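Take a look at the structure set out below.
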Amino acid sequence: MSAPIRAGLRSAAAAAGAAVGGAATRRLARSLPERTRRPWERTNYAGRPLTLLEGPAWLAGAATGIGVAA
């Protein structure tokens, strides 16, 4: 297999790993008990709820993607 193809496959694996890792961590954060989630929840400018745990979830996804690519 040529080097460009291997690089492309590695990039695709990293992206897939990041997506799966981020989604799993976000799902875990949403499944926390209400008492644990409440301090992390906010309302954005549009009035929609969000959680400050989404940042660490994205970071975990990126770390998973890096681990898959290595």
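The values are calculated or read from the model by the stated rules, or taken from the named source; none is laboratory data. Given the structure is predicted, the values throughout are model-derived calculations rather than measurements. Quick reminder, even Gly has a Cβ in these numbers, built from the backbone with ideal geometry, and neighbours come from all protein chains shown. These area figures cover heavy atoms from the full protein model, side chains too; ligands, DNA and RNA do not enter into them. Shrake-Rupley method; radii C 1.70, N 1.55, O 1.52, S 1.80 Å.
Numerical summary
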| quantity | calculated |
| --- | --- |
| Matching residues in region 19-32 - criterion: being open to solvent by less than 90 Å² (accessible area, probe 1.4 Å), farther than 30 Å from Arg6 by Cβ and either polar (S, T, N, Q) or out of contact with any Asp or Glu (no Cβ under 8 Å at 6 or more places or on another chain) (or both) | Ser31, Leu32 |
| Close pairs from region 17-32: first closer than 18 Å to Gly67 by Cα, partner modelled with pLDDT under 75 and open to solvent by 60 Å² or more (accessible area, probe 1.4 Å), Cβ under 7 Å, at least 6 apart | Gly17/Val68 |
| All positions within region 21-38 that are more than 24 Å from Ala63 (Cβ to Cβ) and outside any loop (DSSP other than H, G, I, E, B) | Glu34, Arg35, Arg38 |
| Hey, Ala60 in contact with a Leu (Cβ under 7 Å, 6 or more places away or on another chain) and of a type outside the set (Asp, Glu) or not | no |
| Residues located in region 33-70, provided they are hydrophobic (A, V, I, L, M, F, W, C), free of Cβ contacts under 8 Å to residues at least 12 places away in the same chain and open to solvent by less than 100 Å² (accessible area, probe 1.4 Å) | Ala46, Leu50 |
